[in-house]
Structure formats: structure tokens, C-alpha cells
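First up is the structure itself, then whatever we jot down about it.
We did not get these values from a lab; they are worked out from the coordinates using the rules stated. Nothing here was measured: the structure is a model prediction, and the numbers come from that model. Methodologically, a virtual Cβ is constructed for each residue, glycine included, from the backbone with ideal geometry; neighbour enumeration extends over all protein chains shown.
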Amino acid sequence: MEENKKAHLLDLKLPLGGLLSFYGLIMVFYGLFSGKEAYQRSLGINLNLFWGALILVIGAALLLSSFRKRRAPKP
Amino acid sequence: MAPVISLHLIDYAIIGGYILVMILVGYSLRKYMRTGEDFFLSGRSLPGWITGLAFLSANLGALEVIGMVANSAKYGIMTVHFYWVGAIPAMIFLGIFMMPFYYGSKVKTVPEYLKLRYNEATRGLNAISFAIMTVLMSGISLYAMALLFKLMLGWSLTGSILFAAVVVLLYVFWGGLSSSIYNEVIQFFLIWLGLLPLVFLGLKNTGGLAGLAKKLPEAFMHSWKYLGSASNNPLGIEWMGVILGLGFVLSFGYWTTDFLVVQRALASKNIASSRMTPIIASFPKMLVPIIVVIPGLVAVAVLPEFSQTAAQSGEYNSALILLMSHYLPNGVLGLAITALLASFMSGMAGNVTAFNTVWTYDIYGTYIKKGKPDQHYLKVGKYTTIAGVVISVGTAYIVQSFPNLMDYMQLIFSFFNAPLFATFLLGMFWKGATPWGGFFGLLSGISVAAGHYILYKLGVFHYTSEMGANFYQAWWAWLTDFVVTIGVSLFTQKKAISELTGLVYGLSPKEKGTIKFYLRPEVWGSVALIATLVLNFLFW
């Protein structure tokens, strides 16, 4: 089976990682600069900061994995 | 009525980012769409984890998410049955037993299998009914999305419909099934990331599951305990109806024959990944109740005005959105809205890709213009995508004037799915099923489903609840198809053995056992089943 014929048409980790990293970044910044009143609803927890940080980590991990694959020497 | 939710710039940035990525993904896939197989089946080249997540997300549309949260607000933990009984076993059965015939026979669509195994009439019946229903469903999801965003966010109805239609059109036109699948995988991540904050906050606020149990009626917190009789539980069903109707017929009927999900497995790169696709999907599927059942329970515990109005009107669909506006600050809120938007749009894209494939190969390529070169059908597929989106927009407007259409669509789907499963079951596992047996079995199953519904509505049959009626209707339709297929097959001519190779159990080449033990579908399927049993036991 010619598996390397198409391989991955487009490495999905790239757009996914990019999108999540973008989200993580803006959420963390928003979380750092928004006032306390915004978080009354979420029981006082600064969700944007924490969840945004998690999302950023996931996004960055995906991007990293995608770049390392590109750098790896072709067989 | 003022919108329930107000969005800030950050929320729009999150939504905008998603739209941009979807269009970019579609655009960059353009150059790979060289043949029909590329466009309609992703060149049969995708790895199992992608097709597996897409398989799950294709089903996890926004209507499903909102509907299931509403169901758990209405019925409690029993809603898990839709997952742990009503999905997992069927998904595993598909992967282990049925995918070898679907993938091995190299069919491009579900109706094509029926043509090879049975006859043209059976294929036609399935293809035409599926094509119509799927494009109508696409319009219905489009309308449901626009309506939701109008009510909750104040967006213009026409604006949302046209905007979503254009975006979906672009990325499906450019990238075909691959676009649809890639965006479904992105949707998968967004749904979890968007909805988990609600689960955390809800559980923290109510004191965990134990805290919820204190605030909710006893029957809400058990999945099997109150199924002894239909009058004991809010769902209005007993355990037999759940197992036979939901667990067996309805769920197998959907998961094993609905082309929208099966198409994703067919896009896999080899037979082993195609078998693993539904099995890989079953693991996150087991966990989906975390993001749909818990929010429903929390909504009842934490939003008293909602519980009151919903109990009076029977309308529970606003549970999720109300919960979101209750707990989520802007930012995370934008993410949750984007997750819903993503699910709606990928649902529509899934319907459009299923429609353009079935139309091009099973209807156009069979009845209108046969035997043309592949490039011709590729072009037809692209134009059908445009037509499909236009029809969806048209349907969305029709549904606006006739809102009951939405409920009828789900109902009509169920008329077809349950009997179809019997037709496939016999076709794949019994050499003796004949072409006319298949056709008349299917026809009679559909008729019994419709007939049962009419008689139920006329009051001739009595059930404790609408859902109970649905489950039994599906069971009788399946049984009729099963019996009639066998009966008619005993008196009509079989197909030659040579025509059936690769299509039926016992006439297919045995796969050489080259896969390592721990990668085999049977092993992982069993793991999934055992895990599901444990979950059922835990939430008894």
C-alpha cells in the first residue's frame, strides 16, 4: 500500500496547534489585565488565566510536535 | 427580548480565529483534491486517530450536545443510556465485524454496498431516502444554529444563515471530505475545551456529585435502578425498552448504516485503521456524558427559574446556554460559543459531504450519467456541493415557517435506520439473503415503522412516553425487516457466489494476522466494552 503517496495531506497539528496557541495567548493576556468583577460569575476564579494557560500549553505542544516532525530527516 | 449573552472583543477574536482557520485549512487542501477519491473519500489515506476523532465529532453535533444537556435536565442520569448502551456496543460491533466488509469491498458509499450485495432497487431506496433526509437535516441544523444565536446573542437570522453557508461552502468546495474531517477534529478539541469549564464550575458550586445528589430527586441520580417499570422513572421506559429499542435496534441502526459516520471510517488508510476508527471513537464517547449530563444536572440544581419554566413548557433546550451565561466570564464564554458554532458548522459540512457523495455516485452516476471518466464526477461533486448548500439555505427558510419539521426529521430518520440495520446484518452475515429479500425486507420495515407511528398517534397503541413509543417502534420495524428478508429470501433467487466474495461472512478472504496483539481491534473493542460495563455499574 503506497502509504507515502499522500501521507498526511496537511499536518493537522499545525492549524490546531496554531489556533489553540493563539487562544491561549489572548486568554492569558485578557486574564492578566481584566478586573476582578469579570470573575464574579466564575466563583472568583480567574478562568481566563488558568484555562488560557492550559490551552496555550496544549497548542504549543502540538506545534512543537509538528515542527519536530518536519525537521526529522526523511528516510 | 434582550439577548441573554453579551460578547466582548475577546469573544469575537476567538470566534474570528476559528472561522479563519477553517477557511485556511480548506484552502490549503485544494491542491490535493485531484481525483474523485480524493474529494469524496480523502483518498482513503487518513490515519486512524484522525478518522476516529472525526467519526465521533461527526455525530457530536451541536443539536446533539444541546439536546442531551436538555435531556439530562429533564431525565437525569438516565441520559447516559444514550451513550453507554445506545452507542458504544454498536460502535464496537461496526469496527470489529462490519468494517471488513465495508472497507474490504471498496465501496464508496453505504448504498453502493447494498447494490453489490442485493440489487439496484435496494440501493435506490436507500440512496434516495438518505440523500433527501441528509440535505434536509443540513438545512435544519443551519436554521437551529441561526435561531439559537439570534435568541442568545442577538445576531441577525439571515446574517448567520448566509455567513455559515458561505464558510461551509468554501471549505467543502475546496477540500471535500478532508476539510470536513479536519474541521471535525478541531471541533473535537474545541468542544472539550469550551465545555469543561462549565463542568468544573458547576461541580465546584454544587459540591460535586454528592452535592448534586442532595439537590435533585432520587430517580435523577440512577441510571438502571428505576427502570423496573415505566411509571417509576422520568423517562417513561422500562429496561427492556432501553436494551432492545435503544441499545440494540436504534443505536446499531444509526452507527452501522448512517453514511455520515461510516464515510469517515471509509476514509482510513487501510483496513486495520478503518476497523479501529469506531473503536478509537468509543473511548472519548464514553466520556462525553461528563460534558453533557453533568451540565444538565447542574442546570436543574442551580437555576430554579429555568427548572420552573422548563417543567411547564416542556422546553429544556435553553439549559446549556443559560448555564453558560450564568458561570462563564467573557473569554472562556467566547470559547464555549465557538465550540457550539464549530459543532453546528461541522454538522452541516458533514451532511453536505455525505449528500454530495451519495448524489454523485449513487444517484447521478447510476441513473443519470453512467460511465463517465472520474474527472467528470469530481466536477459534479463540486457543483453538487454548491447545490447542497443552496438547498440547505432554502430548507432553513422553510423550517422557519414550519418549526415542527425539525421533530419530524428525527422521526423519519428513525423509520429508515432501524430496518436498514436488519438488512445489513443479514446481508453481511447470511449467505442466503437474496436481492429481492433485501428489498422487500427493507420496504416492509420502513412501512411498519411509519404504520406504527400513525397507530400510536391515533391512540391505538399506548406507551407511557413518546420515547418509549420510539424505542418499540424501532424494534418492531427491525423485526419485520429481519423476518421478511429471511422469508422472501427462501423463495427467491440467490446471487452467484462469485458476486458475493468480500461482501459476506464466510465468503471473504481471511485477513492474515500481521497486526500485533495489542493493536488488534478485537482487543481494544473488548477493553471499551468492559469499561462501559464498569461505568454502567458505577452509576447504577
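Using R₀ = 41 Å, calculate the FRET efficiency as 1/(1 + (r/R₀)^6) where r is the Cβ-Cβ separation of A:Asp11 and B:Lys494; round to 0.05.
0.25
Can you check how the C-alpha radius of gyration of the protein assembly as shown compares to 2.2 N^0.38 Å, as a plain ratio?
In units of the globular-protein estimate, the protein assembly as shown measures up at 0.94.
No solvent, one uniform scatterer per C-alpha: report log10 I(q)/I(0) for region B:66-220 via the Debye equation at q = 0.10, 0.13, 0.17 1/Å, two decimals.
Rounded to two decimals, the profile gives -0.63, -1.01, -1.35.
Can you tell me the convex hull volume per residue for region B:33-138, based on C-alpha atoms, in Å³ to the nearest whole number?
148 Å³
Which net charge results for the neighbourhood of A:Leu14, defined as the other residues with beta-carbon distances under 14 angstrom from its beta-carbon, given Lys and Arg at +1 and Asp and Glu at -1?
Computed value for this residue: +4.
Just how large is the dipole of the protein assembly as shown about the Cα centre, in debye to the nearest 20, putting +1 at every Lys and Arg Cβ and -1 at every Asp and Glu Cβ?
1840 debye
Under the rule a/c < 1.5 gives rounded, and otherwise a/b versus b/c splits prolate from oblate, where does region B:457-540 land using the Cα gyration tensor?
oblate
About its Cα centre, what dipole magnitude does chain B give when the only charges are +1 on Lys and Arg Cβ and -1 on Asp and Glu Cβ, stated in debye to the nearest 20?
1380 debye
Over its Cα atoms, what ratio of radius of gyration to 2.2 N^0.38 Å does region B:464-505 give?
Normalised Cα radius of gyration, region B:464-505: 1.77.
For chain B, what relative contact order do you get, as a whole percent, if you take Cα pairs closer than 8 Å and at least 6 residues apart?
30 percent
Could you give the size of the charge dipole of region B:291-384 about its Cα centre, using +1 on the Cβ of each K and R and -1 on the Cβ of each D and E, expressed in debye and rounded to the nearest 20?
660 debye
Once every Cα of chain B carries one equal point scatterer and solvent is ignored, give the base-10 log of I(q)/I(0) from the Debye formula at q = 0.07, 0.12 Å⁻¹, two decimals.
Summing over Cα pairs of chain B leads to -0.38, -1.19.
Between rounded, prolate and oblate, where does region B:381-485 land on the alpha carbon gyration tensor, with a ≥ b ≥ c its root eigenvalues, rounded for a/c under 1.5, else prolate if a/b exceeds b/c?
oblate
Grab the DSSP H runs of chain B that are 4 residues or longer, score each as -39,500 (n - 2.57), total them, divide by all residues and round the 222 nm result to the nearest 500 deg cm²/dmol.
When only DSSP H runs of four or more count, the value is -24000 deg cm²/dmol.
In nm, to one decimal, how far is the B:Ile132 label point from the A:Lys69 one, both placed 7 Å along Cα→Cβ?
Here the answer is 4.3 nm between the modelled labels.
Taking the C-alpha atoms of region B:321-392, how large are the radius of gyration and the largest Cα-Cα span, Dmax, in Å?
18.8, 58
More than 21 Å apart: what percent of Cα pairs in region B:229-319 qualify?
57 percent
Would you work out which of B:Val302, B:Val242, B:Asn317 lies farthest towards the positive end of the dipole of region B:220-319? Charges go on Cβ: Lys and Arg +1, Asp and Glu -1.
Most positive-ward Cα: B:Val242.
Bin by bin, in steps of 5 Å, what percent of the Cα pairs in region A:23-67 do you find, going until the bin that has the longest distance?
5, 26, 24, 19, 12, 7, 5, 3, 0
Which percent of Cα-Cα pairs in region B:1-55 sits in each 5 Å bin, short to long?
4, 14, 14, 17, 16, 10, 9, 7, 7, 2, 0
Using DSSP H assignments, which helices in chain B have an axial alpha-carbon span of 24 Å or above and a mean Kyte-Doolittle hydropathy of 0.0 or higher?
Span-like helices, by this rule, are B:9-29, B:120-153, B:157-206, B:271-302, B:332-357, B:374-401, B:405-429, B:435-457, B:466-491, B:521-538.
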